[in-house]
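Novice: Could you have a look at this structure, given as structure tokens, before my questions?
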Amino acid sequence: LAPEKFKFQAWKMRRWSPRLWACVTLAAGTQPLQPQQLADIDSLSWDVEFAEAARHLDEQVMGYYDVHLWGRNGLEHLVKDPLYEMRGISAKEEDLELFLRVCRVLRQESGQVRIFGVGNGYGYSTVALSIACGGAAVDVIEAQLAPWIPQTWALEVTHAIGSAHNLPLRVHVGISPQDTSRALRAWGNHSYNLAFIDGKHSPRAVLRDFLAIRRSLSKPAVVILHDVKSYELWRGVLNVLRATPLAKFRLYHGMLLGGNTGLVYWGFPTGTFQGFGPVLPRSLLEYRAKWAEESCPTWEEVWTQICKDR
């Protein structure tokens with residue numbers, strides 16, 4: 001459907017023709033895009049306000065880290081300086097754009113945003129989510145299994161930034177799903193209306209992480225799934241939708257591109273997320289899942305290669 005040469009040309013054009021880029025990132029084998037997908041792409045909203053706000057949010061968060069990292073020990077094993085290293089594997093500007101847009105919807109819908117996250121890493125997305133949602137409370141469960149992250153200072157810096165800037169951040173060390181209940185606040189039952197899943201990047205783990213927090217999510221609610229396309233997590237997305245029949249999944253596209261992170265949502269009025277990107281039908285998710293299972297390395301193989309490279 002889209003030869004590699006055409007994909008490369010579209011990638012170079014993506015800033016000037018984001019709808020073309022959306023078509024390319026949705027292309028799957030020889031299956032043509034469906035009319036509803038094309039309509040969704042045509043309705044994508046390119047809001048400069050959110051794009052500029054995302055860039056400002058990135059500068060703000062990185063500024064906090066710049067201040068709180070000075071003088072800390074334990075950073076010697078990082079490949080380059082800690083800010084560069086952290087920025088390379090954290091949420092990207094298009095993710096921040098999505099955070100801001102989702103937070104606006106939730107604040108208009110519910111008035112208050114309460115967030116649960118799976119995976120803290122360096123804490124970048126935890127801090128960014130709280131700021132994007134107006135200083136919202138964020139609870140995160142972190143397994144501390146990534147060998148390239150200095151875990152002690154990552155937790156310390158996350159909490160230090162929260163304390164210094166009046167952000168109610170709380171990171172619980174544990175493994176999802178078995179320790180998720182311990183990471184919830186006292187008001188956890190049916191009170192979180194936003195979840196961000198960025199833990200182990202495998203389809204099975206995505207489903208387990210989702211099921212562990214589902215009972216604590218309100219209606220309506222949004223679950224952001226990170227790195228869906230880059231790690232081919234289509235089977236996990238499909239199983240999440242099977243576990244929540246009323247939910248829909250959109251692959252996010254915005255002014256700052258996208259096509260990698262998606263959002264699952266339910267309980268909202270029709271059209272609430274129109275313009276966030278196309279809804280992927282389950283038939284397309286199934287097609288992509290089968291292709292990934294036949295063609296792509298497993299998450300464990302990717303993890304092993306990353307560790308070797310480090």
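Novice: Based on what the data block shows, is R215 open to solvent by 20 Å² or more (accessible area, probe 1.4 Å), free of Cβ contacts under 8 Å to residues at least 40 places away in the same chain and closer than 24 Å to L106 by Cβ? I'd like the intermediate steps shown before the answer.
Specialist: Details: open to solvent by 20 Å² or more (accessible area, probe 1.4 Å): yes; free of Cβ contacts under 8 Å to residues at least 40 places away in the same chain: yes; closer than 24 Å to L106 by Cβ: yes.
Yes: the conditions hold for R215.
Novice: What are the residues in the stretch 206-231 that are in contact with a strand residue (DSSP E or B) (Cβ under 9 Å, 6 or more places away or on another chain) and of a type in the set (A, V, I, L, M), if any?
Specialist: V206, A212, I213, L217, A221, V222, V223, I224, L225, V228
Novice: If you don't mind, another one. Hey, V171 hits all of (1) without any contact (Cβ under 8 Å) to a residue 60 or more places away in the chain; (2) open to solvent by less than 10 Å² (accessible area, probe 1.4 Å); (3) hydrophobic (A, V, I, L, M, F, W, C) but one; which does it fall short on?
Specialist: Status for V171: all satisfied but (2).
Novice: For H159, work out the one condition from (1) in a strand (DSSP E or B); (2) open to solvent by 30 Å² or more (accessible area, probe 1.4 Å); (3) of a type outside the set (F, W, Y); (4) out of contact with any strand residue (DSSP E or B) (no Cβ under 6 Å at 6 or more places or on another chain) it doesn't fulfil.
Specialist: In the conditions (1) in a strand (DSSP E or B); (2) open to solvent by 30 Å² or more (accessible area, probe 1.4 Å); (3) of a type outside the set (F, W, Y); (4) out of contact with any strand residue (DSSP E or B) (no Cβ under 6 Å at 6 or more places or on another chain), H159 misses (1) alone.
Novice: Out of the stretch 210-234, which residues are outside any loop (DSSP other than H, G, I, E, B) and of a type in the set (D, E, K, R)? Reasoning before the result, please.
Specialist: At the first step, the residues of the stretch 210-234 found to be outside any loop (DSSP other than H, G, I, E, B) are 210-214, 217-225, 234.
R214, K219, listed by residue number.
Novice: Only one residue in L207, L246 is open to solvent by 10 Å² or more (accessible area, probe 1.4 Å), part of a loop (DSSP other than H, G, I, E, B) and in contact with a Gly (Cβ under 8 Å, 6 or more places away or on another chain). Which one?
Specialist: Values: L207 fails: part of a loop (DSSP other than H, G, I, E, B).
Residue meeting the stated conditions: L246.
Novice: I need a count of the residues in the stretch 251-272 that are touching a residue at least 40 places away in the same chain (Cβ under 8 Å) and under 13 Å from the mean Cα position of the chain (by Cα).
Specialist: 9
Novice: Return the total of residues in the stretch 140-156 being assigned to a strand (DSSP E or B) and either surrounded by fewer than 21 Cβ atoms within 10 Å (Cβ to Cβ) or among the polar types (S, T, N, Q) (or both). Before you say what the answer is, go through the steps one by one.
Specialist: Kept after step one, since they are assigned to a strand (DSSP E or B), are these residues of the stretch 140-156: 140-142.
From what is left, the residues that are either surrounded by fewer than 21 Cβ atoms within 10 Å (Cβ to Cβ) or among the polar types (S, T, N, Q) (or both) are none.
Total satisfying the criteria: 0.
Novice: Sticking with this structure for a sec: In the stretch 73-94, which residue that is part of a loop (DSSP other than H, G, I, E, B) and under 16 Å from V127 (Cβ atoms) is modelled with the highest pLDDT? Break it down into steps so the answer makes sense when it comes.
Specialist: Applying the first criterion (part of a loop (DSSP other than H, G, I, E, B)) to the stretch 73-94 yields 73-81, 90-92.
If we keep only those that are under 16 Å from V127 (Cβ atoms) as well, we get 90-92.
Working: S90: 68, A91: 74, K92: 82.
The extreme case among them is K92.
Novice: Would you mind finding the one in D227, D209 that is of a type in the set (D, E), closer than 21 Å to A54 by Cβ and in contact (Cβ under 8 Å) with a residue 12 or more places away in the chain?
Specialist: On the way: D209 fails: closer than 21 Å to A54 by Cβ.
Being of a type in the set (D, E), closer than 21 Å to A54 by Cβ and in contact (Cβ under 8 Å) with a residue 12 or more places away in the chain holds for just one of D227, D209, which is D227.
Novice: Let me ask something additional. Confirm whether L238 is at pLDDT 95 or above, farther than 18 Å from L145 by Cβ, in a helix (DSSP H, G or I) and open to solvent by 50 Å² or more (accessible area, probe 1.4 Å).
Specialist: It is false that L238 is at pLDDT 95 or above, farther than 18 Å from L145 by Cβ, in a helix (DSSP H, G or I) and open to solvent by 50 Å² or more (accessible area, probe 1.4 Å).
Novice: In the stretch 95-134, which residues are outside any helix (DSSP H, G or I) and either of a type in the set (D, E) or open to solvent by 30 Å² or more (accessible area, probe 1.4 Å) (or both)? Before you say what the answer is, go through the steps one by one.
Specialist: First, the residues of the stretch 95-134 that are outside any helix (DSSP H, G or I): 111-123, 133-134.
G111, Q112, R114, G134 - these are the residues of the stretch 95-134 that are outside any helix (DSSP H, G or I) and either of a type in the set (D, E) or open to solvent by 30 Å² or more (accessible area, probe 1.4 Å) (or both).
The values are calculated or read from the model by the stated rules, or taken from the named source; none is laboratory data. Being a predicted model, the structure only gives us computed values, none of them experimental. In this analysis, Cβ positions are derived from the backbone assuming ideal geometry, glycine residues included, and neighbour counts consider all displayed protein chains. Just so you know, the surface numbers come from the protein's heavy atoms only, side chains and all, with ligands and any DNA or RNA stripped out. Shrake-Rupley method; radii C 1.70, N 1.55, O 1.52, S 1.80 Å.
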